[in-house]
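The values are calculated or read from the model by the stated rules, or taken from the named source; none is laboratory data. Please read all numbers here as calculations on a predicted model, not as lab measurements. Neighbour counts are summed over all protein chains in view; Cβ atoms, including those assigned to glycine, are modelled from backbone coordinates with ideal geometry. Ligands, DNA and RNA are stripped out before the accessible areas are found, and what is left, the full protein with its side chains, is counted by its heavy atoms. Shrake-Rupley method; radii C 1.70, N 1.55, O 1.52, S 1.80 Å.
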Amino acid sequence: MNDHVSDPLLALSPWRSPEVTSWRRLPMNAVDRRAGAHSLDGDWRFRLLPAPDAPVGGDWSSAAVPGVWTMQNVQGTVDLPRYLNIRMPFPEFPPLSPDANPTGVYEREVDVPADWAGRRIVLQVGAAESVLLVHVDGRPVGLSKDSRLAAEFDVSDVLSPGRPSVVRLTVVKWSDASHIEDQDHWWHGGITRSVLLYATDPLYLADVDVRASAEGELRVDCRVRDAGGALPAGWYVTGELDAPDGPDGPGGLTLAQDAEFDLANAEDDRVSAFLGEARLHARVPEVRTWTAETPELYGLTVRLHRADGSVADASRHRVGFRDVTIVGRDLLVNGERIFVRGVNRHDFHPLTGRTVSVEDMRADLVLLKRFGFNAIRTAHYPNDPALYDLADEIGFYVVDEADIESHDHAHEIADDPRYLNAFVDRVSRMVLRDKNHPSVIVWSLGNESDYGANHDAAAGWVRRHDPTRPLQYEGAAKRGWADPHVASDIACPMYAPLEDCVAHALSGLQTKPLIQCEYSHAMGNSNGTLADHWAAIEATPGLQGGFIWEFWDHGILQSVNDGRPVGRGGAGLYDNGVTAPGYRWAYGGDFGETDHDGAFIADGVVLPDRTVKPVMYEHRELAAPLRLRGFRHEGLVLSNHQHFRGLEWLAGEWELSLAHGGTLTAAADLPDLRPGETAVVPLPFELPADGGEAWLTLRVTTAEDLPWAPRGTPVCAPQVRLRAAEPAGAPAVSGRVETDAEGLLVHPLLTSSPTLSLWRAPTDNDELGGMALRWRTWGLDSLVRKLVSVRQEGDGVTVLSEYAATAGVVRHRQVFTPVEGGVRVDEQAELPEEFDDVARVGTVFETVAGLDLLEWFGQGPWESYPDRSGGAPVGHHRVPVDELFTPYLRPQESGGRHGVRRFTLSAPDATGLAVTLDEPRQISVTRYRAEDLTAASHHDELVPRAGCVVHLDAAHRGLGTASCGPDTFPSYLVAPGVHRWSWTLRVL
Ligand code: GAL
Ligand code: MG
């Protein structure tokens, strides 16, 4: 039998009809039906068809719901994940999709509980991509598009208690809708969120709209319907508001139906026999307001009563009292100008693709909160509903973004009337679902879809429906950051050069808050100049922050043997970002695709298992709620850098790091400071008279257990230098130095002698920004050393050599002088003018095996680079060599430490070597040569060397963000000309 002919849902070919966004789908609403629902999650019978109209014959296998078949290794599944950024994965123009169109058919028996007899029964499919067709016992029930929002269908007529039915969900992967779901992430197919059934009384709450202002004004609008059509007489609503401390705490209120609203409705005839509207209204005295810093949530229960007082339906909500306004060019929360320390977040998991559990989402938000983030843009679609509950609870500002990205065909679609319905549908459904969340402070119309009439239509709907929140859309803002006529209340560019943002803010022409929707692209070893950005943002009225791109490196755990995703059950196969032997983090191209965008999918501040990248430590410091601003009047200046709360949730400890000594600590009493206030506190230590460099750090932790951090969790570690280093005298000459016939240093602990290095394994920024290509063209990756002369001079040896590259010659001089216990090396390199921007100028050598611990005085303990070193305080640090390296998905320069004054590399018996540098320098100690990293595409190809590869850099180029956005600033570039550096190597 051909289902296509006989089934009206299939016969319409809805996957080729952008005008058709749904059929018999219930309106979206904000009534949470998860509690008391009957879950249909679990294993379903599953068939993968080659096309939606192919016959459903043959053998069934099974697939987990929720889940994407592309990750589940379902028997016979040949449809694997695919990564493309902008380009569509098929050549058809909108609204067409390919005939070869994987279609998943999911089936299972459903038994409705006996006590649901006579009730209204609703099937909710949390999310399915990209077209969902629903049948029960072969009868068409409904259809839906809009892959990141739930679809609900009334199944009262087709399901009945006591009679098992077969529910079939058909999920068509490619459709007209795929053209507006062209976001930069993996393409999958399946049902990504939970499926459930719930029942209500025929008389039910169709929607509840809660508005709660910072002044304590509460307004709850209820829409009431009856499944029978006409509403029964005499129904009414009541409410109960529990204060944040719970129903027994003080401040609760009972809410009665607003009689004036009823009267007004009666007069203008808005209440009909079919649609009931009622309002609860109250003013909450001494209201505790909601902000991301103070996420105070009241509990609201709304009850719908029948005339006899019995309860027909009830709905629970959490309410945050807060205002969002734009005044002039400032975005205000409760009247305060806030800083937006945001990140873009996808629903992602390395084992399940897009299906994320509540625990996963909580872990994401807890981590972000611990690293100073206060805002999330749900890039680029409405995220799982639980995310918003968590954001309300843990405290995040959310820019809620509609599921519209037509990147590849943006221009055609923005004004295509066939897609008009889809635009308004997607934006309005998001607003209807998420309107009651205090965390949502801004609506976004979508991403990278040009700007057209379809956007203005959607914007019009939002402005009418929810005048309480601003609206943003990058595509509209692009038409003019200050243009009042475009559909964006915020100037929200992506990757705008910092100087352009500052210039706009200073131009006198700014009319809207400037908050970048994406900036500081986190691909690989990146996020250079973040501190410069924040210095400018905090110093420039009109700039309020932005959203880092992005949270996740979307690597999928893959078995190298069979090339398939591991799927659920692979949890034990990775740790700290590193995969077990035989597995790797897959990116574009790893599933056999020829057309793909490679590692561009790995551009987050966390690795695929949520291990933080080093940039997170800098971010945490930049977001510090408490700042240490140096000396004044013999004291230290402390300031509260928050918007809404004091310092009572913080505890502090002073730490004094002495170059000539160790580390001293002392308890710190934090002053009582309101937001923006400053206090001067006395110096907690007397400095020893040893003349050495001294640094004071205030280690700040949480003082109590918080929902996102146990007591003692690090919050920030602001630092000031109390005393600079005094110039050290030259060490006395002693002993002799040995060099070989090539003028290379001979040393018992070195397996490879110190030579000049101008190359680093290109970072993603170096590659995509074009620098690596230039360096290769110059030949910096394959320098050929030629000895010019070796001269014994006094007690030392002077070695002159030339390093020939294709485009020039670098003259290099090393002077080896024997000193007590070792050798002093004075180096000079002369870069020709042509080499006007190189990765590094410095020394590289390799050590014998067994020196596995690095201890240093300098910045740390985590990885840092010249333009990404803000969160690495100066102190005494020790880290095993194997833990110094960050396993960025595509191997590249990694493991650097900035501002290092001296270090030791030692074996467990404390033997080893010590290096003292002439001034704070960039160093790295890894198991890999730059060429090893350059040659590898994934970590499983890397073979660690037994010894250490040590780089000491006279100069090291900043990282920037050029893989997508601005490069580093000129001050972080390595200039041509003469570079000089010296260091001393001793045996421990
Ligand atoms: C932006 C886009 C994101 C992502 C990013 C690059 O243009 O909005 O979705 O593609 O660039 O990683
Ligand atoms: Mg895009």
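So, taking all protein chains as they sit and a 1.4 Å probe, how much accessible area belongs to I394, in Å² rounded to tens?
0
Taking 0.36 nm per intervening residue step and subtracting the Cα-Cα distance, what contour gain separates A503 from D575 on full extension?
Result for the pair: 21.5 nm of gain on full extension.
Using 1/(1 + (r/R0)^6) with R0 = 30 angstrom and r between the beta carbons of E686 and E538, what's the FRET efficiency to the nearest 0.05?
Given R0 = 30 Å and the Cβ-Cβ separation, E is 0.35.
Keeping all protein chains in place, calculate the accessible area per residue for the chain (probe 1.4 angstrom), answer in Å².
Averaged over the residues of the chain, the accessible area is 36 Å².
Work out the P(r) tail for the chain: percent of alpha carbon pairs separated by more than 57 Å, whole number.
19
Work out the FRET efficiency for D415 and V327 from their Cβ-Cβ distance, taking R0 = 30 Å, and round it to the nearest 0.05.
The value I calculate is 0.35.
Say the dipole of segment 8-200 comes from +1 at the beta carbon of Lys and Arg and -1 at that of Asp and Glu; which of A64, A11, P81 then lies farthest toward its positive end?
Checked the options; the winner is A64.
Taking the chain as a whole, which cysteines find no other cysteine Cβ under 4.7 angstrom from their Cβ?
Lone cysteines by the Cβ rule: C222, C501, C716, C948, C964.
Let's see if you can work this out: charge +1 on each Lys and Arg Cβ, -1 on each Asp and Glu Cβ, no other charges. What is the dipole magnitude of segment 187-250 about its Cα centre, in debye to the nearest 20?
440
Using a 1.4 Å probe on the protein heavy atoms, what percent of the accessible area of segment 875-988 belongs to carbon and sulfur?
So the carbon and sulfur contribution to the accessible surface is 53 percent.
Using the Cα centre of segment 827-981 as the reference point, and only Cβ charges (+1 on K/R, -1 on D/E), how large is the resulting charge dipole? Debye, rounded to the nearest 20.
In total the dipole reaches around 440 debye.
On the accessible surface of segment 536-686, probed at 1.4 Å, how many percent belong to carbon and sulfur atoms?
Taking all protein chains in place, segment 536-686 shows 47 percent carbon and sulfur surface.
Based on a Kirkwood Rh over C-alpha pairs, give the Stokes-Einstein translational diffusion coefficient of segment 215-319 at 20 °C and viscosity 1.002 mPa s in µm²/s.
The diffusion coefficient I find is 144 µm²/s.
Given T291, A230, L253, which one lies farthest toward the positive end of the charge dipole of segment 215-319, if we put +1 on the Cβ of every Lys and Arg and -1 on the Cβ of every Asp and Glu?
With unit charges placed on the Cβ atoms, the residue in question is A230.
Report, to the nearest 10°, how far helix 385-394 tilts away from the longest principal axis of the Cα atoms in the chain, using its own Cα long axis and a range of 0 to 90°.
Around 60 degrees separate the two axes.
Any chance you could list the semi-axes, whole Å, largest first, of the equivalent ellipsoid that the Cα gyration tensor gives for segment 821-933, using √(5λ)?
Working from the Cα gyration tensor, I get semi-axes of 22, 18, 16 Å.
So if I place +1 on the C-beta of Lys and Arg and -1 on the C-beta of Asp and Glu, and nothing else carries charge, what would the dipole magnitude of the chain be about its Cα centre? I want it in debye, nearest 20.
The calculation lands at about 700 debye.
Over segment 358-422, what is the relative contact order in percent, taking alpha-carbon pairs closer than 8 angstrom and at least six residues apart?
Relative contact order here is 33 percent.
From the square roots a ≥ b ≥ c of the eigenvalues of the alpha-carbon gyration tensor of segment 324-552, which class results: rounded (a/c under 1.5), prolate (a/b over b/c), or oblate?
Verdict is rounded for segment 324-552.
Taking +1 at the Cβ of each Lys and Arg and -1 at the Cβ of each Asp and Glu, which of S144, W116, P50 sits farthest along the dipole of segment 8-200 towards its positive end, judged by Cα position relative to the Cα centre?
W116
Could you state the number of Å between the C-alpha centres of segment 352-386 and segment 929-951?
So the two Cα centres are separated by 33 Å.
Please give the length that would be gained between R24 and T301 if that part of the chain were fully extended, namely 0.36 nm times their separation in residues minus their C-alpha to C-alpha distance (nm, one decimal).
Answer, rounded to one decimal: 96.8 nm.
Give, as ranges by residue number, the residues of segment 874-914 whose backbone N falls under 17 Å from the point 7 Å along Cα→Cβ of L988.
876-884, 901-914
If a paramagnetic tag sat 7 Å from the Cα of R645 along the Cα-Cβ line, which residues of segment 234-276 would have the backbone N under 16 Å from that point?
The answer is 244-245, whose backbone nitrogens lie closer than 16 Å to the label point.
I'd like the carbon and sulfur percentage of the solvent accessible area for segment 8-200, probe radius 1.4 Å, heavy atoms only, ligands and nucleic acids excluded.
After summing per-atom areas, the C and S share lands at 52 percent.
Could you state the angle between the C-alpha long axis of helix 420-434 and the longest principal axis of the C-alpha atoms of the chain, as a value from 0 to 90 degrees rounded to the nearest 10?
That helix lies at roughly 80 degrees to the long axis.
Just to check, using Stokes-Einstein with a Kirkwood Rh over alpha carbon pairs, what's the diffusion coefficient of segment 567-639 at 10 °C and 1.306 mPa s in µm²/s?
Translational diffusion coefficient: 99 µm²/s.
Viscosity 1.306 mPa s, temperature 10 °C: what is the translational diffusion coefficient of segment 142-256 from Stokes-Einstein with a Kirkwood Rh over Cα pairs, rounded to a whole number of µm²/s?
83
222 nm [θ] for the chain, helices only, -39500 (n - 2.57) per DSSP H run of 4+, per residue, to 500?
So the helix-based figure for the chain works out to -3500 deg cm²/dmol.
How far apart, in nanometres, would the label points at E336 and A666 be if each is projected 7 angstrom from Cα along the Cα-to-Cβ direction?
The two pseudo-label positions are separated by 3.1 nm.
For E621, what accessible area in Å² do you get when you roll a 1.4 Å probe over the heavy atoms of the protein chains, rounding to the nearest 10?
Ignoring ligands and nucleic acids, E621 comes out at about 30 Å².
So, in nm, how far is label A35 from label L275 when the simple model puts each one 7 Å beyond its Cα toward the Cβ?
Simple spin-label model gives 2.9 nm for this pair.
Which length gain, in nm to one decimal place, applies between E830 and D111 when the Cα-Cα distance is subtracted from 0.36 nm times their residue separation?
250.8 nm
Suppose R0 equals 35 Å. What FRET efficiency, 1/(1 + (r/R0)^6) with r the Cβ-Cβ distance, do S789 and D837 give to the nearest 0.05?
That gives a FRET efficiency of 0.70.
Helix 358-370 sits at what angle to the longest principal axis of the chain, using alpha carbons and giving 0 to 90 degrees rounded to 10?
50
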